[in-house]
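Report on one structure; see the data block that follows.
The values are calculated or read from the model by the stated rules, or taken from the named source; none is laboratory data. Quantities reported herein were computed from a predicted structural model and do not represent experimental measurements. Quick reminder, even Gly has a Cβ in these numbers, built from the backbone with ideal geometry, and neighbours come from all protein chains shown. For accessibility, only protein heavy atoms count, side chains too; no ligands or nucleic acids. Shrake-Rupley method; radii C 1.70, N 1.55, O 1.52, S 1.80 Å.
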Amino acid sequence: MNKPVTARTAAALAAPTALPSGHMLLDNMVLNKDTAFSAEERQQYGIDGLLPAAIEGLDRQLERVMRHLDAKPSDLERYIYLIGLADRNETLFYRTLMSDPARFLPIVYDPTVADACLAFGHIYRRPRGMYITPKMKGRIAEVLRNWPQRDVRFLCVSTGGRILGLGDIGANGMGIPIGKLQLYTACAGVPPDCMLPVLLDIGTTNAQLRADPLYLGLRQPPIPAEELDALTEEFVNAVQEVFPGCCIHFEDWKGTDAIRMLERYGDKVLCYNDDIQGTASVTLAGITTALQIIDKPLTAQRVLFFGAGSAGIGIANLIVSAMQSQGLSQEAARARVSLFDINGLVEPSRTDLSPQQKVYAHRAEASKELVATIERFKPDILIGVSTKGGTFTQPVVEAMSRLNERPIIFALSNPTDKAECTAEQAYTWSKGKALYAAGVQFPDVTLNGQAFHPGQANNFYIFPAVGLATYAARPKRLTDACCIAAAQASADQVGPELRARGMLYPSQKHILQTQVTTAVRVAEFMFDQGLAQAQRPDDIRAWLEGQLYQPQYQTA
Ligand code: NAI
């Protein structure tokens, strides 16, 4: 497979003599090869004498990086080192990440990125991506043109309004779009130079941050919702104008803002919300695997959500869409889904329901008791998205186990202390019967000599693959059906050996391979549905593989 010829590399290759020379070349993160420049290149580009004598290959450079990383005292220090490496030598950075994604993803993304975001203003070295503020209103398109690339296919934008479990951290949230886009490349080979991280700096409610002298964002409370809507409208239109065909990936906006933006733009422009669609898709993927294990159809399941916020509603809606795609009417599908939140069962006598919750308010006795609700509703699947740790108690798991031979129990709230129950609790209390997944990775559990490997419903099983398919197929829209196709593709890759150990997601050992297989299925679906704007190739896999970013140096 060849390294794709992107705008930057194409220009460089077409006119090698036009490459920057001397320190300009060494300071260019895309073109820099550091000690890998050959003797001829060193002479040709005026860098002879600017590098030590040794001429090394990428593997030797990687060995040095690994030693540096091993010597660091914490993952946050490793994060800082890796971001610095990305700034100096992008190829070596991705070579490092892609050498062992399972090891490095938790460093460049969750959970270490949370520490990095908290400390953003303190560990800041140099700018990455773009910052858009309300002060730019009326000239956002002009500002976007300051970005040096024109072929931007993905733009990940956050307001920093709800970052992981950290709440509103304003401009410190920039670590998230940066990290998320790096995962598109590290997990699925999406070329890095077609991506743009953006922080929509609208102020923050976080008074402590605003008082921090090293805080880098606007020191003001967030602009009101109407102003945010107007700013976002201008931003979305400006993206269409400056980067036509670019997919806008909304990430970590405040829950209500996230839902509103997806409702407003989902049908209008190419956009994606990983917190809503990615979460829903990865949950559906786990459910699909679980149902394949017990050989039952989705359309026969009853699903109870514990937590009815943005994650719960998003998952519920996608499950309903998936049931509809398998033949149920919307009404029949919705009747199979029930919600339970901080005020108890969502039912018609409740006066505090949002329009999104109301569609799941089925006639039923009011209840504030989860076990009683389980006994009445008789769910096959219980999904925790409540942010309240320890709420799936022994009686809850036992009630699910009484009703079902293999209860499907997902405790998705994170971080770890927020999980509704741990893997060990789920397996122990269900006597090993539960098909369990969590939002975090719990360690393996051994029960009566049997080893269980709990699944982690991590969005990275979905969004990089959807990203790769989107990059290549250039769809008009990213529909729910695309997310359902991704979920099915993920489920189909969990082999019998993994299933026997309770795994509901593919192994992390071969992430790139898994993502490409999922992307092939999603791209195929986009072509079949007439969503794709690229020309349909004869062999979609070969076509996708030919476009993958390879962390290799160009020879001039
Ligand atoms: P949210 O704040 O929008 O919703 C929380 C919901 O839980 C609300 O409906 C609330 O009424 C309910 N709730 C709170 N306390 C409760 C209690 N004691 N009993 C019953 N219900 C209670 O939060 P969001 O965005 O929906 O996220 C929920 C959780 O899901 C978070 O912990 C988040 O980290 C996790 N999550 C996990 C993902 C994954 O594993 N891939 C992806 C997205 C979210």
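What tally of residues in segment 347-356 results from selecting those that are within 11 Å of the ligand (Cβ to nearest atom) and modelled with pLDDT of 95 or more? Steps first, answer last, please.
Of the residues in segment 347-356, the ones within 11 Å of the ligand (Cβ to nearest atom) are 352-354, 356.
Among the residues that remain, those that are also modelled with pLDDT of 95 or more are: 352-353.
Number of matching residues: 2.
Quick one: count up the residues across segment 279-314 that are assigned to a helix (DSSP H, G or I), over 14 Å from the mean Cα position of the chain (by Cα) and of a type outside the set (Gly, Ala, Ser).
The total comes to 11.
Restricting to segment 152-202, what's the tally of residues that are part of a helix (DSSP H, G or I), under 17 Å from Gly121 (Cβ atoms) and either open to solvent by 10 Å² or more (accessible area, probe 1.4 Å) or touching a Ser or Thr at 6+ places or on another chain (Cβ under 6 Å) (or both)? So that I can check it myself, show each step before the final result.
To start, the set of residues in segment 152-202 that are part of a helix (DSSP H, G or I) comprises 170-188, 192-194.
Now drop any that are not under 17 Å from Gly121 (Cβ atoms), which leaves 170-179.
Okay, now just the ones that are also either open to solvent by 10 Å² or more (accessible area, probe 1.4 Å) or touching a Ser or Thr at 6+ places or on another chain (Cβ under 6 Å) (or both), so 170, 173, 176-178.
The total comes to 5.
Being surrounded by 18 or more Cβ atoms within 10 Å (Cβ to Cβ) and assigned to a loop (DSSP other than H, G, I, E, B): is that true of Ile47 here? Steps first, please.
Working: surrounded by 18 or more Cβ atoms within 10 Å (Cβ to Cβ): yes; assigned to a loop (DSSP other than H, G, I, E, B): yes.
Considered against the rule, which asks whether it is surrounded by 18 or more Cβ atoms within 10 Å (Cβ to Cβ) and assigned to a loop (DSSP other than H, G, I, E, B), Ile47 comes out as yes.
Among what's in segment 427-443 and is out of contact with any strand residue (DSSP E or B) (no Cβ under 6 Å at 6 or more places or on another chain), of a type outside the set (Phe, Trp, Tyr) and closer than 14 Å to Arg501 by Cα, pick the residue that is surrounded by the most Cβ atoms within 10 Å (Cβ to Cβ).
So, considering only residues that are out of contact with any strand residue (DSSP E or B) (no Cβ under 6 Å at 6 or more places or on another chain), of a type outside the set (Phe, Trp, Tyr) and closer than 14 Å to Arg501 by Cα, the one surrounded by the most Cβ atoms within 10 Å (Cβ to Cβ) is Lys433.
Does Ile276 qualify as being free of Cβ contacts under 8 Å to residues at least 40 places away in the same chain and part of a helix (DSSP H, G or I)?
When the stated conditions are applied, Ile276 passes them.
From the list Arg145, Arg125, Arg95, Arg103, pick out the single residue that is under 23 Å from the mean Cα position of the chain (by Cα) and open to solvent by 80 Å² or more (accessible area, probe 1.4 Å).
Exactly one of Arg145, Arg125, Arg95, Arg103 is under 23 Å from the mean Cα position of the chain (by Cα) and open to solvent by 80 Å² or more (accessible area, probe 1.4 Å), namely Arg103.
Across segment 403-435, what is the number of residues that are within 15 Å of the ligand (Cβ to nearest atom) and basic (Lys, Arg)?
Final tally of qualifying residues: 1.
Here is a list: Pro454, Pro464. Which entry is within 15 Å of Leu544 (Cβ to Cβ), in contact (Cβ under 8 Å) with a residue 24 or more places away in the chain and open to solvent by less than 10 Å² (accessible area, probe 1.4 Å)? Write out each step before concluding.
Details: Pro454 fails: within 15 Å of Leu544 (Cβ to Cβ).
Of Pro454, Pro464, the one residue that is within 15 Å of Leu544 (Cβ to Cβ), in contact (Cβ under 8 Å) with a residue 24 or more places away in the chain and open to solvent by less than 10 Å² (accessible area, probe 1.4 Å) is Pro464.
Residue under question is Gly344, and the condition is that it be within 30 Å of Ala114 (Cα to Cα) and within 16 Å of the ligand (Cβ to nearest atom); does it hold?
no
Please go through segment 271-282 and pick out each residue that is open to solvent by 10 Å² or more (accessible area, probe 1.4 Å) and more than 10 Å from the ligand (Cβ to nearest atom).
Correct list: Gln277 only.
Test of understanding: among Lys268, Lys254, Lys368, which residue is within 11 Å of the ligand (Cβ to nearest atom) and modelled with pLDDT of 95 or more?
Lys368
Between a first residue in segment 124-146 that is at positive phi and a second residue that is at pLDDT 95 or above and open to solvent by 20 Å² or more (accessible area, probe 1.4 Å), which pairs have beta carbons less than 8 Å apart while being 6 or more apart in sequence or on different chains?
Gly138/Glu234
Can you confirm whether segment 283-298 contains a residue that is farther than 25 Å from Gln441 by Cβ, in contact with a strand residue (DSSP E or B) (Cβ under 8 Å, 6 or more places away or on another chain), within 16 Å of the ligand (Cβ to nearest atom) and of a type in the set (Ser, Thr, Tyr)? Quick ask: steps written out before the conclusion?
Within segment 283-298, the subset farther than 25 Å from Gln441 by Cβ is 295-298.
Among the residues that remain, those that are also in contact with a strand residue (DSSP E or B) (Cβ under 8 Å, 6 or more places away or on another chain) are: none.
No, because not a single residue in segment 283-298 is farther than 25 Å from Gln441 by Cβ, in contact with a strand residue (DSSP E or B) (Cβ under 8 Å, 6 or more places away or on another chain), within 16 Å of the ligand (Cβ to nearest atom) and of a type in the set (Ser, Thr, Tyr).
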